[in-house]
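Down below is the structure, laid out as structure tokens.
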Amino acid sequence: MSTDRRDFLKRASLMGSIAMLAGGPTAGALATPSELTSVVEDSVASQAEETPKYHIKFAVCGMSHDHIYGMVGAIQRGGGEMVAAWGGEPDKLAAFTKRFPNARIVKTQDEILNDPAIQLVLSSQIPNERAPLAVRAMKAGKDFLSDKPGILTLKQLADVRKTIAETKRIYAIMYSELLEVKAAVYAGVLVKQGAIGKVIQTINIAPHQIFQHGGVAGGGTGRPDWFWNPEQNGGILCDIGSHQVDQFLFYTGSTQAEVVESQIANIRHSDHPKFQDFGDMVLRGNRGLGYVRLDWFTPDGLGTWGDGRLFILGTDGYIEIRKYTDVAVKKQGNNLFIVDGKQARYIDCNNMALPFGPQFVADIVNRTHVAQNQVECLLAAELVIKAQLAAKQVTLEA
């Protein structure tokens with residue numbers, strides 16, 4: 001057992017003793033350590049990154065959000081070679097070229113779309129521009145990987161689906177809170193193994209930080225004008241909520257789902273009246289239930305950009321993931337807790353390999369959908385668009 005966790009448990013034991021002295025529950029009402037189910041600490045065995053089996057050529061066409069760096073990294077791990085890049089914002093382009101000094105920078109998007117050597121296009125362009133770009137790329141014979149949210153309106157969704165059907169191209173959205181978080185990947189392994197029985201419900205709590213002082217997820221240098229405008233970013237449910245709805249579908253295995261209820265609010269940002277800094281939604285799928293809470297209120301004291309939590313309830317146990325930190329215990333992320341009929345376990349998932357990059361590159365070559373279910377990807381996009389459209393605007397009294 002690590003020293004920080006041992007100290008934490010000692011402090012918890014001390015606080016329990018103080019509570020009893022202060023008139024809390026009697027000693028007989030509390031379980032002694034010997035009566036508790038065993039607690040086991042473990043870690044995922046060290047896994048070497050998979051050696052790329054394939055090689056493809058890809059290009060970046062739009063880098064409005066810094067998520068593009070994670071997207072590029074995933075494809076490079078899978079065997080992708082970046083052969084060109086285009087960016088519409090001078091500051092973003094300057095930062096990109098500093099990070100990738102050998103990148104060939106082109107002056108127009110058409111130079112990428114008309115290049116027959118390029119197989120895959122990546123984009124974190126301004127959100128409302130991503131789906132139209134994806135349609136153009138697919139019609140030009142390219143596969144497409146979008147930052148989230150990939151689609152902002154039902155019309156855009158219909159266009160993307162129609163283009164996929166006509167061109168047979170692969171369209172994907174980088175839902176990184178599932179695909180690029182090691183604990184979330186390992187939770188998927190456990191669920192598939194039946195470790196907690198049939199999944200009944202997922203609960204996603206996804207706080208974010210607007211001006212980031214701990215960790216960088218796109219706001220380390222402030223936010224651009226489009227960030228504050230839901231017509232450009234999709235609104236809080238469509239934007240960051242797309243991550244969470246994707247996880248709901250993935251872990252429950254739901255192939256059909258509806259938004260039962262959704263609400264949004266602007267609580268603290270009156271200087272940006274259209275902005276939404278809080279939102280939540282209730283989901284009902286054919287194989288499970290879901291609840292999602294989103295906000296932009298992460299305080300600086302956390303030390304990172306958000307205390308993302310995922311709870312997966314099963315018929316025979318449950319899983320909790322503390323994705324980016326274990327608040328007030330340790331700053332390390334990728335913490336997984338699982339309780340079943342025999343024991344409670346803490347699992348450090350930091351050694352888990354991330355399979356998305358190699359799998360997605362293989363999909364491009366083999367015309368498969370192993371890395372991401374394309375139907376599920378688009379259903380997640382559809383649900384968050386509908387949640388946003390149906391959301392009740394709530395005003396809290398001062």
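A few notes on this one:
- Using C-alpha pairs below 8 Å separated by at least 6 residues, the relative contact order for the chain is 21 percent.
- In this structure Ile267 has an accessible area near 90 Å², from a 1.4 Å probe over the protein heavy atoms.
- Of Lys98/Lys192; Lys142/Lys182; Lys98/Lys392; Lys182/Lys274; Lys274/Lys323, pairs whose Cα-Cα distance is over 32 Å: Lys98/Lys192; Lys98/Lys392; Lys182/Lys274
- Karplus-based coupling profile of the range 380-389, in residue order and whole Hz: 4, 4, 4, 5, 6, 5, 5, 4, 5, 5, with θ = phi - 60° in 6.51 cos²θ - 1.76 cosθ + 1.60 and x standing for Gly or Pro.
- Once the C-beta distance of Asp91 and Ser270 is scaled by a Förster radius of 41 Å, the resulting FRET efficiency is 0.90 to the nearest 0.05.
- Sparsely packed loop sites in the range 159-213 (the trypsin sites (Lys or Arg not before Pro) outside DSSP H, G, I, E and B with at most 15 other Cβ atoms within 10 Å) comprise Lys168, Lys198.
- Mean Cα-pair separation over length for the range 143-196, i.e. relative contact order, pairs under 8 Å, 6 or more apart, %: 39 percent
- What the Cα convex hull of the chain gives, in volume per residue, is 162 Å³.
- Just the protein heavy atoms count here, and of the accessible area of the chain at 1.4 Å, carbon and sulfur take up 55 percent.
- Global size of the range 286-398 as Cα Rg and Dmax, reported in angstrom: 18.3, 57
- Positive minus negative residues near Asp280 (Lys, Arg vs Asp, Glu; Cβ under 10 Å): -1
- Residue among Gln47, Gln388, Gln119 with the largest mean-square fluctuation in a Gaussian network model of the chain, springs linking Cα atoms under 10 Å: Gln47
- Rolling a 1.4 angstrom probe over the protein heavy atoms with all chains in place gives the chain an accessible area of 46 Å² per residue.
- Relative contact order for the range 137-230: 20 percent, from Cα pairs under 8 Å spaced at least 6 residues apart, divided by residue count.
- Cα-based helix-to-principal-axis angle, 90-99 vs the chain, degrees rounded to 10: 70 degrees
- 3J(HN,Hα) couplings calculated from phi for the range 185-190 with the Karplus curve 6.51 cos²θ - 1.76 cosθ + 1.60 (θ = phi - 60°) are, in sequence order, 5, 5, 4, x, 4, 5 Hz; Gly and Pro show x.
- More than 18 angstrom apart: percent of Cα pairs within the range 211-333: 60 percent
- Here is the P(r) of the range 45-157: all C-alpha pair distances, binned every 5 Å from 0, give 2, 12, 23, 24, 20, 11, 5, 2, 1, 0 in whole percents.
The values are calculated or read from the model by the stated rules, or taken from the named source; none is laboratory data. A quick note: this is a predicted structure, and the numbers were derived from the prediction, not measured. Cβ atoms come from the backbone with ideal geometry, glycine included; neighbour counts cover every protein chain shown. SASA here: full protein model, heavy atoms, side chains in, ligands and nucleic acids out. Shrake-Rupley method; radii C 1.70, N 1.55, O 1.52, S 1.80 Å.
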